[in-house]
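The values are calculated or read from the model by the stated rules, or taken from the named source; none is laboratory data. None of these values were measured; they are calculated from a predicted model. All Cβ positions, even for glycine, are placed from backbone atoms using ideal geometry, and neighbour counts span all protein chains on display.
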Amino acid sequence: MRHGAGIEQIRRWWRRWPDANVGVVTGAVSGLVVLDVDPCHGGGDSLAVLEGIHGVIPHTVESFTGGGGQHLYFRHPGTVVPCRSIAPGLDIKGDGGLVVSPPSTHISGRLYGWESGCAPGETPLADLPSWLQSLAQGPSPVTGIGEGVVHQEPVRTRGERAEFASLWQIVGVELRPGDHYYLCPFHPDHNPSLHIDAEGCRFYCFGCGRGGGSGRLRRLVHAPRLPTSTRNGAANPSIRQATTAVTLPGSTEIRIVGDSAYQSVLLELTGGRRHYGGVRMETVAHLVLEPGNSADPAAIAVTIGGRTVGYLSRPDSARHRQAITTAIDRTGEASCIAFIVGGWEREHGDVGLFGVRLHLGAFVE
């Protein structure tokens, strides 16, 4: 058997090409088989039909692709699993195959990422379902899922539509009849970017690229949710975390001060280890007034996950205080999109500090 590259070889490659995408070889060499679901070619519908026949795919390691699809990872069964298309939009990546893995960047500019609670180390790798193995090893792609089922508009039963609506209710989305746009609950969304076809039981988010049918939605809704401070950081140095809605949306980037004193906190928030290329992790920060601060009663602390990571500079505190105070009076908190950046570790003791960048709206004069 041909063995893959060792850890030292991979480290050398990563130092030489720190911005490269990541490819994972599938098959016996890695012990992995991946189901590649491409909703643009009917993968979501194909999977829904197959799950209706064979049963629901077990919970396992799962990533979303930059093109809006899914990669479902399974344990290799020990016998040859060929790479092949098993239905429209569904490909098995087995022996001799390769998949692009997080934190790679798609040609569209979107990042590959691990679904919340489904990264390696967060959920166990499931065994490859026997029916998927049979389809991969069968003489021809699965029959009964062709032009008449997938590529025509599927007719959904009343029960299917009711389940679809109830799944959205779990994540706070109340469906209306027909096609509409909503705020996406799976990423920080400030303008409705989630398109849902309530009658056809399909969805696609133009913000985060997630899409599919009831099967995909079921996995997203019922995936384990980890605390924001620990989710995904160790596995993905460039991620977008699932977060709650912010009360101070905006796109003006400002730097905070004093973050150099909170490096250990920032390291923990980003997963507890450094990466050669550093990190760029999106999350939500809260802005907290500190009238009891003896050094500066006008200070505004910046917290992430309930832990202080720095302060607004005095000029930025003055500029944004009114908006922050108004948000606290109105909603009980002032929160905004934040990015933790930097924190690299390279050769010869080249270690970079973490920094925090806030995205705030225009301040009130």
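If you go through the range 308-356 and keep only what is of a type in the set (D, E) and either within 24 Å of H275 (Cβ to Cβ) or buried (at least 18 other Cβ atoms within 10 Å of the Cβ) (or both), you end up with D316, E345, E347, D350.
Going residue by residue through the range 91-104, is there one that turns out to be over 19 Å from the mean Cα position of the chain (by Cα), free of Cβ contacts under 8 Å to residues at least 60 places away in the same chain and not in a helix (DSSP H, G or I)? Yes, the range 91-104 has at least one match. For the range 311-353, a residue qualifies if it is assigned to a strand (DSSP E or B), hydroxyl-bearing (S, T, Y) and under 15 Å from G258 (Cα atoms), and exactly one does: Y311. Here the range 250-280 is the region considered, the condition is being of a type in the set (D, E, K, R) and farther than 29 Å from I324 by Cα, and the residue that is surrounded by the fewest Cβ atoms within 10 Å (Cβ to Cβ) is R273. From the list R330, R357, pick out the single residue that is touching a residue at least 40 places away in the same chain (Cβ under 8 Å) and out of contact with any strand residue (DSSP E or B) (no Cβ under 9 Å at 6 or more places or on another chain). Of R330, R357, the one residue that is touching a residue at least 40 places away in the same chain (Cβ under 8 Å) and out of contact with any strand residue (DSSP E or B) (no Cβ under 9 Å at 6 or more places or on another chain) is R330.
Of the candidates I304, I300, I324, the single residue that is touching a Phe, Trp or Tyr at 6+ places or on another chain (Cβ under 8 Å), of a type outside the set (S, T, Y) and either under 27 Å from F186 (Cα atoms) or not assigned by TED's automatic domain parsing to the domain that holds G113 (or both) is I300.
Within the range 153-172, one or more residues are touching a Cys at 6+ places or on another chain (Cβ under 8 Å), at pLDDT 85 or above, of a type in the set (K, R) and surrounded by 10 or more Cβ atoms within 10 Å (Cβ to Cβ). Flag: G144 does not match the condition of being modelled with pLDDT under 85, assigned by TED's automatic domain parsing to the domain that holds G67, farther than 16 Å from V37 by Cα and surrounded by 14 or more Cβ atoms within 10 Å (Cβ to Cβ). Counting only strands (runs of 3 or more DSSP E) that sit completely within the range 1-88, those holding 2 or more residues that are touching a residue at least 12 places away in the same chain (Cβ under 8 Å) and over 15 Å from G215 (Cβ atoms) correspond to 22-25, 32-37, 70-75, 84-87.
Rundown of residues vs (1) closer than 25 Å to I337 by Cα; (2) assigned to a loop (DSSP other than H, G, I, E, B); (3) charged (D, E, K, R); (4) touching a helix residue (DSSP H, G or I) at 6+ places or on another chain (Cβ under 9 Å), yes/no style:
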{"residue": "E174", "(1), (2), (3), (4)": "yes, yes, yes, yes"}
{"residue": "P185", "(1), (2), (3), (4)": "yes, yes, no, yes"}
{"residue": "H195", "(1), (2), (3), (4)": "yes, no, no, no"}
{"residue": "E199", "(1), (2), (3), (4)": "no, yes, yes, yes"}
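Taking residues in the range 184-208 that are without any contact (Cβ under 8 Å) to a residue 40 or more places away in the chain and among the small types (G, A, S), and partners anywhere that are crowded, with 22+ Cβ neighbours inside 10 Å and assigned to a strand (DSSP E or B), the pairs with Cβ atoms closer than 6 Å and at least 6 places apart or on different chains are S193/C205. Please determine whether any residue of the range 265-287 is in a strand (DSSP E or B), polar (S, T, N, Q) and closer than 26 Å to W14 by Cβ. The answer is yes; a qualifying residue exists.
Please find, within the range 243-287, the residue that is modelled with the lowest pLDDT out of those that are under 29 Å from L183 (Cβ atoms), of a type in the set (V, I, T) and out of contact with any Leu (no Cβ under 7 Å at 6 or more places or on another chain). Of everything passing the filter in the range 243-287, T243 is modelled with the lowest pLDDT.
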